[in-house]
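The values are calculated or read from the model by the stated rules, or taken from the named source; none is laboratory data. These numbers were taken from a predicted model, which means no experiment stands behind them. Cβ placement follows ideal geometry from the backbone for every residue including glycine, while neighbour counts extend to all protein chains displayed.
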Amino acid sequence: MSVVLGIETSCDETAAAVVDEDLHVRSSVIESSIDQHRAFGGVVPELAGRAHVATIGPVVRRALLEAGLDPHAPAIDAIAVTSGPGLIGSLLVGLSAAKGYALAWGVPFVGVNHLEGHLFAPLLEQSDLEWPLLTLLVSGGHTMIVLQRGPGEHQVLGETIDDAAGEAYDKVARWLGLGYPGGPEIDRLAERGDETALKLPVSMTGDDLDFSFSGLKTAVVRATEKHREVGVGDVAASFQAAVAEQLLRKLRSALEHYEVRGVALAGGVAANSALRRGVAELASEFGVICHLPSMAMCTDNAAMIAAAGLHRLKSSGPSELSLAARPNWQLAEVS
């Protein structure tokens with residue numbers, strides 16, 4: 001049975017995991033440098049890169065040990081590593097480590113698109129998915145609707161034309177003085193807030209499946225300056241309702257136009273309670289299976305990279321050692 005070591009360093013998490021060809025996660029280790037970035041209100045690329053350099057070795061060692069493998073000469077068949085998109089410095093640390101391990105252990109390696117990794121995350125929790133599948137991929141840097149006809153067979157139907165939903169959360173949280181990352185705190189406050197307290201604009205009302213969140217962020221700033229009496233919980237609830245409304249409206253439109261067997265959430269914002277409820281309600285309304293990821297599979301992790309790598313190794317073969325990091329690698333470019 002093929003066993004793959006996955007490595008993920010696209011942003012501020014240093015992650016390693018061991019996954020076998022049955023998509024059984026034998027180990028998954030994540031070390032975050034988020035505490036170093038809180039004071040700056042967002043990820044500082046240089047700090048993230050330095051953190052990866054310091055932690056990549058120990059994280060890989062822990063993943064191998066937890067999988068019951070010899071960290072000096074592990075019985076693995078390949079290494080899968082995120083080669084894009086992401087922060088260039090962070091990507092280079094993981095990619096360089098993967099190449100070094102591949103040479104030292106005499107195994108092939110394969111570069112994986114980080115976004116495709118997110119699409120493989122549901123398979124780690126339910127290997128017998130029914131296809132086709134509509135996936136709403138929502139993270140700090142990406143927001144898109146993807147039609148998946150099978151593992152590795154995907155079509156981007158729509159994506160953000162400016163800020164991603166996660167970026168809007170962080171920027172609004174910073175404006176409200178809630179710190180970084182903003183998503184969890186806004187979600188917590190919104191649970192008790194009044195989502196009708198602020199009237200925020202409805203964006204992207206056309207028939208296409210693209211998104212836009214930069215205007216909503218600006219609208220929150222202007223509305224709170226005008227209505228200073230509105231509490232932060234109500235602002236959070238109003239903002240979150242506007243984000244969820246746009247995401248779910250576009251997902252509904254996609255479900256109306258494409259016949260699928262299921263709908264899935266992926267990415268960091270998939271942990272958002274309002275979005276999870278809304279997707280579950282849409283799935284029930286359209287009579288399709290709903291795949292909501294566990295909290296562990298919402299965040300960036302190396303298990304999803306290993307799963308995508310297993311597929312890419314079978315379909316396209318290993319990567320050359322000359323493979324370069326691609327910080328702007330689009331999912332639509334993955335064949």
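Descriptive notes on the structure:
- E256 satisfies every condition listed in (1) out of contact with any Gly (no Cβ under 6 Å at 6 or more places or on another chain); (2) surrounded by 15 or more Cβ atoms within 10 Å (Cβ to Cβ); (3) part of a helix (DSSP H, G or I); (4) at pLDDT 95 or above except (2).
- Number of the exception - G106 against (1) surrounded by fewer than 22 Cβ atoms within 10 Å (Cβ to Cβ); (2) farther than 15 Å from S319 by Cα: (2)
- Residue in region 95-107 that is in contact with a Leu (Cβ under 9 Å, 6 or more places away or on another chain), among the β-branched types (V, I, T) and outside any helix (DSSP H, G or I) present: yes
- Of everything in region 120-179 that is touching a strand residue (DSSP E or B) at 6+ places or on another chain (Cβ under 7 Å) and acidic (D, E), the residue that is farthest from A254 (Cα to Cα) is E130.
- Criterion (surrounded by 23 or more Cβ atoms within 10 Å (Cβ to Cβ) and over 15 Å from G140 (Cβ atoms)) met by exactly one of A51, A39: A51
- Selection over region 277-304 of residues that are aliphatic (A, V, I, L, M), within 15 Å of the chain's Cα centre (by Cα) and surrounded by 19 or more Cβ atoms within 10 Å (Cβ to Cβ) gives a count of 5.
- The residues on offer are L248, L282, and the sole one that is aliphatic (A, V, I, L, M), modelled with pLDDT of 95 or more and over 30 Å from G179 (Cβ atoms) is L282.
- Residue match in region 72-91 (condition: in the same structural domain as S28 (by TED's automatic domain parsing), among the hydroxyl-bearing types (S, T, Y), in contact (Cβ under 8 Å) with a residue 24 or more places away in the chain and more than 30 Å from P181 (Cα to Cα)): no
- Count - residues of region 97-119 that are within 23 Å of G183 (Cα to Cα) and of a type outside the set (G, A, S): 5
- For A274, the conditions (1) surrounded by 21 or more Cβ atoms within 10 Å (Cβ to Cβ); (2) outside any loop (DSSP other than H, G, I, E, B); (3) not aromatic (F, W, Y) are fulfilled apart from (1).
- Each residue in region 83-133 was checked for being among the charged types (D, E, K, R), at pLDDT 95 or above and touching a helix residue (DSSP H, G or I) at 6+ places or on another chain (Cβ under 9 Å), and 1 of them qualify.
- Scanning region 207-242 for residues that are of a type in the set (D, E, K, R) and surrounded by 15 or more Cβ atoms within 10 Å (Cβ to Cβ) yields D210, K217, D234.
- Restricting attention to region 289-316, the residues that are touching a residue at least 60 places away in the same chain (Cβ under 8 Å) and not in a helix (DSSP H, G or I) total 7.
- Checking Q148 against (1) within 24 Å of R50 (Cβ to Cβ); (2) buried (at least 19 other Cβ atoms within 10 Å of the Cβ); (3) not β-branched (V, I, T), the condition it does not meet: (1)
- Yes/no for Y169 being surrounded by fewer than 21 Cβ atoms within 10 Å (Cβ to Cβ), under 23 Å from M295 (Cβ atoms) and not acidic (D, E): no
- Residues (at pLDDT below 95, in a loop (DSSP other than H, G, I, E, B) and closer than 20 Å to A296 by Cβ) located in region 25-82: S33
- Here S316 clears all of (1) modelled with pLDDT under 95; (2) in contact with a Lys or Arg (Cβ under 9 Å, 6 or more places away or on another chain) except the condition numbered (2).
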